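Scroll down for the structure; my scribbles are underneath it.
The values are calculated or read from the model by the stated rules, or taken from the named source; none is laboratory data. For clarity, every value in this text was computed on a predicted model and none was experimentally measured. Virtual Cβ from ideal backbone geometry, glycine too; neighbours counted across all protein chains shown.
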Amino acid sequence: MCRPTAVLAPRIGPFPGLASRCRSAENAPALGAIAVSGDLLLAAGVSRTHAGRRLGEVLGDTRITCPIYASAAEALASPCDVFVEYTKPDSAKANVLAAIEHGAHVVVGTSGLTEQDYAEVDVAARRHARGVLGVGNFALTVVLMQRSVPRWRPS
């Protein structure tokens, strides 16, 4: 049984989770895919601009019904399994540490965290037995590889 509200999390059956930074339309396809996945539950979003609204209303996708909170700390008041962080380096570390403190595993999509930042995150993750996956700038790398691989193939 999954928790009723949460902030992006995997579980057996639908799982609760939180996406940080839900303000931009660039995220809409991924969030829409989560909404219809059947085994994932997008439980909350974070956006100071759109706090108090439903994420689907902001993105124009009625399948996405989760609430938007003004801060990660607010959203984390509801338990979640996985917290997806993709804001900016100046707030990312605090959000990641807060998520770990609340018992969530974390996916860090934000680039710009330092080695020292990740060292602090590692200590907190080990203390709470939580996993952290850092994938900052991953999408850019994939796109560059997809565009370059055909050029590397032998004729």
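Are there any pairs with C-beta distances below 6 angstrom linking a residue in the stretch 54-78 that is within 14 Å of residue 100 (Cα to Cα) to a residue that is polar (S, T, N, Q) and modelled with pLDDT of 85 or more, with the two at least 6 apart or on different chains, and if so which? Once the first residue is within 14 Å of residue 100 (Cα to Cα) and sits in the stretch 54-78, its partners that are polar (S, T, N, Q) and modelled with pLDDT of 85 or more give 72/95. Just one of the listed residues (130, 126) is closer than 22 Å to residue 81 by Cβ, outside any helix (DSSP H, G or I) and modelled with pLDDT of 90 or more, namely 130. Taken over the stretch 73-83, the criterion of being buried (at least 23 other Cβ atoms within 10 Å of the Cβ) and in contact with a helix residue (DSSP H, G or I) (Cβ under 9 Å, 6 or more places away or on another chain) is satisfied by 76, 80, 82, 83.
Checked against (1) in contact (Cβ under 8 Å) with a residue 40 or more places away in the chain; (2) within 21 Å of residue 128 (Cα to Cα), residue 86 meets all criteria but (2). Inspect the stretch 141-155 for any residue being under 19 Å from the mean Cα position of the chain (by Cα), surrounded by 10 or more Cβ atoms within 10 Å (Cβ to Cβ) and either among the hydroxyl-bearing types (Ser, Thr, Tyr) or at pLDDT below 85 (or both) and give the result as yes or no. Yes, some residue in the stretch 141-155 is under 19 Å from the mean Cα position of the chain (by Cα), surrounded by 10 or more Cβ atoms within 10 Å (Cβ to Cβ) and either among the hydroxyl-bearing types (Ser, Thr, Tyr) or at pLDDT below 85 (or both). Residues of the stretch 27-51 that are under 10 Å from residue 67 (Cα atoms), under 11 Å from the mean Cα position of the chain (by Cα) and not hydrophobic (A, V, I, L, M, F, W, C): 45 alone. Only one of the numbered conditions (1) under 19 Å from residue 48 (Cβ atoms); (2) at pLDDT below 85; (3) surrounded by fewer than 15 Cβ atoms within 10 Å (Cβ to Cβ) is violated by residue 90, and that is (2).
I want to confirm something. Restricting to the stretch 58-88 and keeping residues that are touching a Ser or Thr at 6+ places or on another chain (Cβ under 6 Å) and of a type outside the set (Asp, Glu), which single residue is farthest from residue 39 (Cα to Cα)? Looking at residues that are touching a Ser or Thr at 6+ places or on another chain (Cβ under 6 Å) and of a type outside the set (Asp, Glu), I get 87.
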